[in-house]
Every structure is written in structure tokens, then in C-alpha cells.
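Asks: This is the structure, below, for whatever I ask next.
Each value in this text was obtained by applying a stated rule to the coordinates, not by laboratory testing. On a predicted model such as this, the values are computed, not experimentally measured, just so you know. Reconstructed Cβ throughout: ideal geometry from the backbone, glycine too, with neighbour counts over all protein chains shown.
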Amino acid sequence: MSQVSETSVPTIAVTGSTGRLGGRVARRLAERDVPQKLLARNPARAPRLPGSVAVRGDYADQDAVREALAGTHTVFMVSASESADRLTQHKTFVDAAAEAGVGHLVYVSFYGAAPDATFTLARDHFHTEQHIRASGLAYTFLRDNFYAEFVPDLVGEDGVIRGPAGHGRAAFVGQDDIADVAAAVLLRPDDHAGRAYDLTGPESLTLDEAAVILSEQLGHTVTYQQETVEEAYASRTSYGAPMWQLDAWVSTYTAIASGELDGVSDAVPRLTGHPATPLAEVVRSAGG
Ligand SMILES: NC(=O)c1ccc[n+]([C@@H]2O[C@H](COP(=O)([O-])OP(=O)(O)OC[C@H]3O[C@@H](n4cnc5c(N)ncnc54)[C@H](OP(=O)(O)O)[C@@H]3O)[C@@H](O)[C@H]2O)c1
């Protein structure tokens, strides 16, 4: 991490840099010699990148975020980790950004964000988007489909994906593609003000098709077995998770069944200049 001189005061702030998506975005900005502030709940855990300075910024701490964002023009905001009060944390962060005089907020939202979305967490994203619109901040929403990196995590120890997804499809998107889009938007925010981009992979897949791809890439047989909604809740109750978490897990699948995750957008190729990455390649690059 370098000291920030007066000539390189960061005008871009990045959240979530200790995580997968924010870390990818921060590395892309550093590779382009763009100074950046890395807001982190624990600044000591932020990556040490050329031109970066780490500052404390828990979404729930309005005063800390306002102070951290002072003098910043453009902010990349990943959605917070899943929790019962995630929407409140998001609203607190947005209010602090507006108070700090931020010019443009780039928010990582979700495909089909709507108040009545089948995927329960997509409702939080809709309400966060609404709060951002009402804040008066210029904004860009990156509405990501399910992460392709997350597909292998659906597979149980016995090689079976179980869930009530029917024969529905999802256009899983790779985080490197999302980060490429985010970097393009952060570097020219005015070109993307007021826009919401649906970010998808290049193909929309059933879980049967995803299982075939995973089998090839992981080197062992993966299959998909449909559950009813009742079976899905029953098979997950033993984890002792709160109801909102169970609803989120089960609605991951029912959202696919509903068709709300279906559809391929051209936003990744259009905004990055390269094709979107297929699921097989994402899984292969991750080392299977
Ligand atoms: N589209 C999808 O399929 C999908 C799947 C899973 C998750 N998501 C959402 O996408 C987000 C980014 O994904 P990811 O893979 O990068 O997740 P990740 O690796 O878990 O990283 C999340 C990052 O957000 C930071 N963060 C979380 N809550 C925060 C808070 N209240 N205040 C400040 N920072 C906070 C974490 O910081 P710390 O180091 O302090 O924890 C971490 O840097 C997730 O947080 C989740 O909301 C989407």
C-alpha cells in the first residue's frame, strides 16, 4: 500500500476488497495505476495494492463511512454479506455517501431485482436501488445473475445438486467479467449514469446442463435431482439457519424454476470488448 500524495488523492473508493468481487475490481484499478480508497471493516485485511489506501468503513457505521468517503467522487459498493438487517446496512451506507458529497455510486445489484422477486434477496436489492435513486446520487446498477463461481457450491458431497429449480434456466456470470464491467464503469462513470446493466454469462442453463458441465470440469459425476419446495425446506432445516436464510437458500432454486434468472444479455461483451465467459471456463480457471 503506498502513501497517497497530493497529486494522487483517490477519487475512487472500492468496498469489499477483502472479498472476491471487490478484490478483483481493486486489482483491475491498481493495474491501471488508478489511486483508490479501499473501505473495509478491518483495514488491516485490505489488499496491499499500488496507489491504494485502506480506510475503515463498516456499512452500518454512518459516521465512519461519511468520513471515509469525504472527497471521493465515485464509489463501488458490493452488497453486504447476507444478514437479517442487510437492507438497513445498505441504506445507512447510501445515506453516508450522499452526506459525504459522493458524485456517483456503482452498486452491485441482482438480475431481476424487484419487490416481488422470487429470490428473496433480490427484493433487498430492489429496495436498495430505490433508496439510491431517492438519494439524488448519480448511479449505475450492475444487476448480476448468479455467480458462475458459486455453481460448484450447489453440489452436495454425494455429487448431487438438489433443489426445486424444475427445468428453469439461469445465465450464470463470472466474477472476472463483472469486475471488468465494473472497472469500465468506474473509469468513465458519466457515460453510465442512470443505467442498470443486466450482467449474465453467454448461455442460460438448466441445472441438468450445469451438472453435465460440472461433471466434465470437476472430473466426477454431478447430477441434478429436483426437489419439491417442501422437500427443500425439510432437507435444509437441520442446518439450524434462521427463516430468512432458509427462504434465501430455497428461493435460489425457485427463482430459477420461475424463469426470472433466464435470458442472456449483451452487456458484458458490449462494456468490456470481450465475450462473456462460459461456466465451463470459469470452473476450469478456478481449478475445478
Ligand atoms: N450473485 C450471486 O450469485 C451472489 C452470490 C453470493 C453473494 N452475492 C453477493 O455479492 C457480494 C459480493 O460477493 P463476493 O463473492 O465478493 O463476497 P465475499 O467474498 O464474501 O466478499 C464480501 C465483501 O463485502 C464486505 N462486506 C460485507 N458486509 C459488509 C459490511 N456490512 N460493511 C462493509 N463491508 C462488508 C466483506 O468485508 P469483510 O472482509 O469485512 O467481511 C467482503 O470484503 C456478497 O457480499 C453478496 O452480497 C451474490
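Asks: With Cβ to Cβ distances under 15 Å as the rule, what net charge do the other residues near Arg24 carry (K, R +1; D, E -1)?
Replies: Local net charge: -2.
Asks: So for the chain: antiparallel DSSP bridges make up what percent, rounded to the nearest 5?
Replies: Details: 3 of 36 bridges.
Counting DSSP beta bridges with both partners in the chain, the antiparallel share is about 10 percent.
Asks: Now for a different question. Place a +1 charge on the Cβ of each Lys and Arg in the chain and a -1 charge on the Cβ of each Asp and Glu, then give the dipole magnitude about the Cα centre in debye, rounded to the nearest 20.
Replies: 880 debye
Asks: Can you tell me the FRET efficiency between Ala70 and Gln225 if r is taken as the Cβ-Cβ distance and R0 is 51 Å, rounded to the nearest 0.05? Show your work: numbers first, answer last.
Replies: Values: r = 52 Å, r/R0 = 1.03.
Here the calculated transfer efficiency is 0.45.
Asks: Around Val282, with a cut-off of 9 angstrom between Cβ atoms, what is the net charge of the other residues, counting Lys and Arg +1 and Asp and Glu -1?
Replies: Once positives and negatives cancel, what remains is -3.
Asks: Taking the chain as a Gaussian network, Cα atoms linked when under 10 Å apart, which of Leu38, Leu218, Leu87 shows the biggest mean-square fluctuation?
Replies: Comparing Leu38, Leu218, Leu87 in the GNM, the peak value goes to Leu218.
Asks: Rounded to whole Å and sorted largest first, list the principal axis extents of the Cα atoms in the chain.
Replies: The principal-axis extents, from largest down, are 58, 36, 34 Å.
Asks: While we're looking at this one, here's another question. If you take every residue apart from Phe150 with its C-beta less than 11 Å away from the C-beta of Phe150, what net charge results, scoring Lys and Arg +1 and Asp and Glu -1? Walk me through the numbers on the way to the answer.
Replies: On the way: positive: Arg20; negative: Asp144, Glu149, Asp153.
Cβ neighbours under 11 Å give a net charge of -2.
Asks: Classify the range 117-271 from the C-alpha gyration tensor, please: rounded if a/c falls under 1.5, else prolate or oblate depending on whether a/b exceeds b/c.
Replies: Oblate shape, in that a/c is at least 1.5 and b/c is the bigger or equal ratio.
Asks: Tell me which of Gly57, Phe119, Gln225 sits at the most positive position along the dipole axis of the chain, charges placed on C-beta atoms (Lys, Arg +1; Asp, Glu -1).
Replies: It is Gly57, whose Cα lies furthest towards the positive end.
Asks: Quick check on the range 45-201: of the DSSP beta bridges with both residues there, what percent are antiparallel, nearest 5%?
Replies: Details: 1 of 18 bridges.
The antiparallel fraction comes to roughly 5 percent.
Asks: Next question. Alpha carbon centre of the range 18-87 versus the range 162-194: separation in Å?
Replies: For the range 18-87 versus the range 162-194, the Cα centre distance is 19 Å.
Asks: Please report the antiparallel percentage of DSSP beta bridges with both residues in the range 12-91, rounded to the nearest 5.
Replies: Beta bridges within the range 12-91, antiparallel portion: roughly 0 percent.
Asks: With the chain treated as a Gaussian network of Cα nodes joined by springs under 10 Å, which of Val65, Val155, Val14 yields the largest mean-square fluctuation?
Replies: Highest fluctuation among the options: Val155.
Asks: Could you tell me which of rounded, prolate or oblate describes the range 184-288, using a ≥ b ≥ c as the square roots of the eigenvalues of the alpha-carbon gyration tensor, with rounded for a/c under 1.5 and, failing that, prolate when a/b is larger than b/c and oblate otherwise? Don't skip to the end; give the middle numbers.
Replies: Working: a/c = 2.37, a/b = 1.46, b/c = 1.62.
In terms of gyration-tensor shape, oblate.
Asks: Any idea what the relative contact order of the range 153-252 is, in percent, if you count C-alpha pairs under 8 Å spaced at least 6 apart?
Replies: 39 percent
Asks: Residue by residue through the range 84-99, what is 3J(HN,Hα) from phi via Karplus (6.51 cos²θ - 1.76 cosθ + 1.60, θ = phi - 60°)? Round to whole Hz and write x for glycine and proline.
Replies: 5, 10, 4, 5, 4, 4, 4, 5, 4, 5, 5, 4, 5, 4, 5, 5
Asks: Test of understanding: in a Gaussian network model of the chain with alpha carbons linked when under 10 Å, which of Pro202, Pro278, Pro242 would top the mean-square fluctuation ranking?
Replies: Its mean-square fluctuation being the largest, the pick is Pro242.
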